[in-house]
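Each remark here refers to the structure printed beneath this line.
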2 protein chains.
Amino acid sequence: MTTTVTEHRRPLRADARRNHERILEGARAVFAEYGLEAQIDDVARRAGVGVGTVYRHFPTKEALLGELVRRKLRVFAENAREALAREGEPFGVFADLLRRNAEVCVADAAIQHALMAFGQHISMHAQVELEELNKPTAELMARAQRAGAMRPDVTVDDISMLMCGVSATMTQTGPGFDWHRHLEFVIDMLRR
Amino acid sequence: MTTTVTEHRRPLRADARRNHERILEGARAVFAEYGLEAQIDDVARRAGVGVGTVYRHFPTKEALLGELVRRKLRVFAENAREALAREGEPFGVFADLLRRNAEVCVADAAIQHALMAFGQHISMHAQVELEELNKPTAELMARAQRAGAMRPDVTVDDISMLMCGVSATMTQTGPGFDWHRHLEFVIDMLRR
DNA sequence: TGACAACCGGAATCGTAGTTCACTATAGTG
DNA sequence: CACTATAGTGAACTACGATTCCGGTTGTCA
């Protein structure tokens, strides 16, 4: 239903496949280091390819950013599914999931910046990934709530919202700004 | 000590003073409507002056933004001082201050965007205003804490941080994103 | 009212980045 | 080993938007 055209094409040539990966990794690194204002030329240089090659793989800068965001969301989702399989006190498991995913975030806060700058536009192209993340998260929350360890009135969307706030703290370098602390405040608030 | 050079200059000509105000107001309106990507030309048009005039008053776009931010901070501070003078249950007074200032924020979330985008650079030029806001806020918190109505471990800096998170929610149009809700979560968490 | 300094307007300039394209290189295939 | 569809390259093109500049205007003051 949401299958892309890609699947109908013959497989990429070996060098193309290799470069695709290199570009994505280069982009991740460069955006992590310089933020959104990093240029495509920088990405190309870091990846060791020409600009043209970047554009052969991603039609626009925004598309490239979009793919990076989608990958990040997949990591979040993967962690969530893993947490779902874990044994243990539900609230603790959930809190640890938040901590772990936050850690994934800081790894390159620039992507976070991207999410906020390009905002809804990009996230509209990540519906699937968002869904994939929200499903296990909701289940995890339901468990904690049934166990009476989590406020019964919080929803998955609240979590997105609150974590979005935490990640805002990450990109800010204010005095006394400490996202770890922010996150613990949030976790505390979710508790019973 | 931190007095500006302006004071040492002869007063502005009447038309210049008028334009200064118009530009600031036009900028506020335009940035509120189109966000940071609004152009100086737009500001000029809205203010009913030429671009050159804008540049006569503010050397760069960033400087203009900076002044807007500073003005906003002064409003926050004003509200805080007012709250300080108010009678009543300390925590409630403080919570209402947060609500009121949040309301001031949304009025033009673009300024908020500015704070996050230009980030630390602008806020470095708003030290004075920040101080002016933090002083009464801290006093208000101390009262609530002495009354045993507020968590004793939160600081003024925590408030900046958390409110920064709330304002991130304002600029985001995610599904199920509701900054009022976010704010109430925060207030709840601050409570004893 | 006359003179001039301060001010205004907005076309023109300049720098910056995203994007294209004409040409070259190479993986895959028979 | 040819042959060709794919892929790569980077100089050149473009669009856009901040900033400059100078001829014309206007407040102010004697």
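What the table below lists for this structure:
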read-out	value
Point-charge dipole on Cβ atoms (K/R +1, D/E -1) for the stretch A:127-167, about Cα centre, debye to 20	260 debye
Magnitude of the charge dipole, the stretch B:1-93, Cβ model with Lys/Arg +1 and Asp/Glu -1, debye to 20	480 debye
Charge-dipole axis of the protein assembly as shown as Lys and Arg at +1 and Asp and Glu at -1 on Cβ define it, positive-most pick from A:Met170, B:Leu162, B:His125	B:His125
Order of A:Met141, A:Met124 under a 10 Å beta carbon neighbour criterion, fewest first	A:Met124, A:Met141
Euclidean distance between Cα centres, the stretch A:37-101 to the stretch B:31-53, Å	36 Å
Ellipsoid equivalent to the stretch B:43-156 - semi-axes via the Cα gyration tensor, in Å	34, 14, 11
For A:Gly50, label point 7 Å along C-beta direction: distances to other copies, nm	4.6
Inter-copy spacing of B:Ala147 label points, which lie 7 Å from Cα along Cα→Cβ, given in nm from shortest upward	3.7
Sorted by Cβ density within 10 Å, fewest first, the residues A:Ser160, B:Ser167	A:Ser160, B:Ser167
Proportion of all alpha-carbon pairs of the stretch A:26-100 beyond 17 Å (%)	55 percent
Descending Cα extents along the principal axes, the protein assembly as shown, whole Å	74, 55, 35
Residue order, fewest to most surrounding Cβ atoms within 10 angstrom, among B:Thr171, B:Thr155, A:Thr137	B:Thr155, B:Thr171, A:Thr137
Residues whose placed amide H lies under 5 Å from that of B:Met150, excluding near-sequence neighbours	B:Gln145, B:Arg192
Chain B - convex hull of the alpha-carbon atoms, volume per residue in Å³	132 Å³
Check: chain A dipole with +1 on Lys, Arg Cβ and -1 on Asp, Glu Cβ, in debye	560 debye
At 7 Å out from Cα toward Cβ: B:Glu103 inter-copy label distances (nm, ascending)	4.3
Test item: A:180-190 mean partner chain Cβ contacts at 10 Å	3
Relative contact order for chain B, counting Cα pairs under 8 Å that sit 6 or more residues apart, in percent	22 percent
Using alpha-carbon coordinates, inclination of helix A:127-146 to the longest axis of chain A, degrees	10 degrees
Angle in degrees between helix A:61-85 and the longest Cα principal axis of chain A, rounded to the nearest 10	40 degrees
Cα-based helix-to-principal-axis angle, A:179-190 vs chain A, degrees rounded to 10	40 degrees
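Computed from the coordinates by the stated procedures, all read-outs in this text should not be read as laboratory data. Model, not experiment: these values are computed from the prediction. Ideal geometry is used to build each Cβ from the backbone, glycine not excepted, and the neighbour counts take in all protein chains shown.
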